[in-house]
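Reading through the structure tokens given below for one structure.
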Amino acid sequence: MALTEIHVAVAVICREDRVLIARRPDHVHQGGLLEFPGGKVEPGETVQQALVREIQEETGLQVPVTSLKPVIGIRHDYGDKRVFLDVWRTDAAMGDAEGREGQPVKWLAVGELRDDEFPAANRPIIRALKLPSWLAITGEYRTPANILDQCQEGIRMTRPELVILRAPKLNADEYQSVARDLVMQGRDQGVEVMLHGAVDQLVRVPDAAGVHLPWREAREFQHRPVPETKWLGVSCHNQAEIIHAEALGADYITLGPVLPTPSHPGAPAMGWESFRRLVAVATVPVYALGGLTAEDSGAAMSRGAQGVAGISLWWPRL
């Protein structure tokens, strides 16, 4: 017999760079683990109405419904039950939080959230909170030294949190040299650097934040090819590729091209509606990619994305 899917509204309540977390009672499903406040969406309720009600009942906090913003939707099969976690965020909760149903509650910094202390379905929520709202990808360059100069200018102008070093014209030695220098410079500026391409590059530049796999690389793996302590990103273009990336344990994916892009002339663009449908079935944070500007961030997020990724968002022209 097919299991009925339970629609659960989940609240990420933020205050001064901290998130409100509760501990599940020992006698319930997944008892003893930490969780984000929330509960079942009742018949006739919108998810926003359910969140306002559940937050007040569980914590005593008052939440303006207009302050709720979508974070991610996650479908998860526990074996004995299937759930759809409909996750929304608010930074405007009013009052003092308390566990009104006897559950302990506390405010934790995002960096303190650990996968093994939450139900398995919560991992993508933690990823979405730790990942930035946009990804910076390096673009055209003349020389290896020129890449570093352009990165420094882009960092100074736009302050990205996460940079993907994509430089396919460099040979392996040149790429490793640039990556090491950029990782070192980024450390001083609060910028993490992701490698792009083959997984073994992470062995040569172990201080990088992780690796982003083009689809041609990702399709060769059946299991997560990098440690859990490193970010793993995958470039995807359709639902089959998304499913494979999720099976690898990807922390996020890029999805596109959404719009026509000069870097891939002639490549068919999926458009915003197809993008929205694909995001709806993804269970990891998704970045919109292809022909986008910083002004498209709102359009991407309104369709369930983590944000946007690209070159033109930050890369200085030659």
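The values are calculated or read from the model by the stated rules, or taken from the named source; none is laboratory data. Since the model is a prediction, treat every value here as computed from it, not as a measurement. Glycine gets a Cβ as well: all are built from the backbone with ideal geometry, and neighbour counts include every protein chain shown. Areas reflect the complete protein model, heavy atoms only, side chains present, ligands, DNA and RNA absent. Shrake-Rupley method; radii C 1.70, N 1.55, O 1.52, S 1.80 Å.
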Give the residue, chosen from Arg127, Arg123, Arg114, that is touching a residue at least 60 places away in the same chain (Cβ under 8 Å) and of a type in the set (D, E, K, R). Arg127
Can you pull out the residues in the stretch 97-110 that are farther than 14 Å from Phe36 by Cβ and at pLDDT 95 or above? Ala109
The lone condition Pro144 fails out of (1) over 21 Å from Lys230 (Cβ atoms); (2) open to solvent by 70 Å² or more (accessible area, probe 1.4 Å) is (2)
Would you please list the contacts, defined by Cβ atoms under 7 Å and residues six or more apart or on different chains, that run from a residue in the stretch 277-293 that is over 19 Å from Ala240 (Cβ atoms) to a residue that is hydroxyl-bearing (Ser, Thr, Tyr) and open to solvent by 50 Å² or more (accessible area, probe 1.4 Å)? Thr293/Ser312
Just name the residue that is farthest from Trp231 (Cα to Cα) out of those in the stretch 147-165 that are assigned to a loop (DSSP other than H, G, I, E, B) and open to solvent by 10 Å² or more (accessible area, probe 1.4 Å). Arg159
Mind listing whichever residues of the stretch 166-210 are assigned to a helix (DSSP H, G or I) and charged (D, E, K, R)? Asp173, Glu174, Arg180, Asp181, Arg187, Asp188, Arg204
If you take the residues of the stretch 205-254 that are over 20 Å from Ala128 (Cβ atoms) and of a type in the set (Lys, Arg), which of them is surrounded by the fewest Cβ atoms within 10 Å (Cβ to Cβ)? Arg216
In the stretch 90-107, which residues are in contact with a Leu (Cβ under 8 Å, 6 or more places away or on another chain) and either among the aliphatic types (A, V, I, L, M) or part of a helix (DSSP H, G or I) (or both)? Ala93, Met94, Ala97, Val105
Please work out if Glu192 is in contact with a strand residue (DSSP E or B) (Cβ under 6 Å, 6 or more places away or on another chain) and either open to solvent by 50 Å² or more (accessible area, probe 1.4 Å) or acidic (Asp, Glu) (or both). yes
Taking the stretch 280-295 and keeping only residues that are in a helix (DSSP H, G or I) and either at pLDDT 95 or above or in contact with a Cys (Cβ under 9 Å, 6 or more places away or on another chain) (or both), one is left with none
Single unsatisfied condition, Gly39 versus (1) in contact with a helix residue (DSSP H, G or I) (Cβ under 7 Å, 6 or more places away or on another chain); (2) open to solvent by 20 Å² or more (accessible area, probe 1.4 Å); (3) at pLDDT below 95; (4) not charged (D, E, K, R): (2)
When you scan the stretch 258-279, how many residues do you find that are open to solvent by less than 30 Å² (accessible area, probe 1.4 Å) and either assigned to a loop (DSSP other than H, G, I, E, B) or small (Gly, Ala, Ser) (or both)? 3
Go through the stretch 281-311 and give me each residue that's of a type in the set (A, V, I, L, M) and more than 14 Å from the chain's Cα centre (by Cα). Val281, Leu292, Ala294, Ala299, Ile311
What's the number of the only condition in (1) at pLDDT below 95; (2) assigned to a loop (DSSP other than H, G, I, E, B) that Pro225 fails to meet? (1)
